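Student: Below is one structure. I have some questions about it.
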Amino acid sequence: MMTLLTGTLLSSHQLAQLVGMPERQVEDHLTHIVKTLARDASRTFLLEPSHCQDCTYSFRDRTRLTRPSRCPRCRSEAITSPRYGIREESGSQ
Ligand SMILES: [Zn+2]
């Protein structure tokens with residue numbers, strides 16, 4: 001799954017389809033990947049936060065990986081899925 005995420009941004013829904021496992025299980029894997037990459041200086045885990053489609057509120061402070069169900073500002077449920085990726089640092093150059 002780490003290979004799939006490198007150099008791109010994917011939602012957990014897209015990832016679930018790519019690897020053929022339930023979204024819930026994908027989120028467990030992502031949690032593990034975050035911990036692994038925290039100790040890896042050559043790669044960085046990227047998280048594009050969810051945001052509200054009605055008022056553009058961004059869930060930047062959210063630490064959980066799953067999609068929030070409701071906007072705290074306008075109560076809308078039109079929340080985009082967060083997307084994930086891995087950036088390889090060009091430390092070898
Ligand atoms: Zn909102």
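Each value in this text was obtained by applying a stated rule to the coordinates, not by laboratory testing. Keep in mind it's a predicted model, so treat the numbers as computed, not measured. A quick note on method: Cβ atoms are made from the backbone with ideal geometry, for glycine too, and the neighbour counts reach across all protein chains shown.
Student: Say R0 is 22 Å: what FRET efficiency, to the nearest 0.05, do Arg24 and Glu88 get from their beta-carbon distance?
Tutor: 0.20
Student: Once the piece of chain linking Cys55 and Met2 is laid out straight, how much longer is it, given 0.36 nm per residue of separation minus the C-alpha distance between them?
Tutor: Length gained, Cys55 through Met2: 15.8 nm.
Student: How big is Rg to Rh over the stretch 42-93, alpha-carbon atoms, Rh as the Kirkwood inverse-mean-distance radius?
Tutor: Rounded to two decimals, Rg/Rh equals 1.15.
Student: Could you work out [θ]222 nm for the chain from helices alone, using -39500 (n - 2.57) per DSSP H run of at least four and dividing by all its residues? Round to the nearest 500 deg cm²/dmol.
Tutor: Details: 3 runs with 28 residues, N = 93.
It comes out at -8500 deg cm²/dmol, rounded to the nearest 500.
Student: Now for a separate question. Once the dipole of the chain is set up with Lys and Arg at +1 and Asp and Glu at -1 on Cβ about the Cα centre, which of His51, Leu5, Leu37 lies farthest towards its positive end?
Tutor: His51
Student: Long-range amide H contacts for Arg43: which residues qualify at under 5 Å (H placed 1.01 Å from N, peptide plane, sequence gap of 5 or more or a different chain)?
Tutor: HN-HN under 5 Å from Arg43: Glu89.
Student: Same structure again: Under Stokes-Einstein, with the Kirkwood radius over Cα pairs standing in for Rh, what whole-number D in µm²/s applies to the stretch 1-92 at 10 °C and 1.306 mPa s?
Tutor: 114 µm²/s
Student: Please express the Cα-Cα pair-distance distribution P(r) of the stretch 19-60 as a list of whole percents, one per 10 Å bin, running from 0 to the bin with the greatest distance.
Tutor: Percent of pairs per bin, in order: 24, 35, 34, 7.
Student: Further question: How many nm separate the modelled label positions at Thr66 and Lys35, each set 7 Å beyond the Cα in the direction of the Cβ?
Tutor: It works out to 1.8 nm between the two label points.
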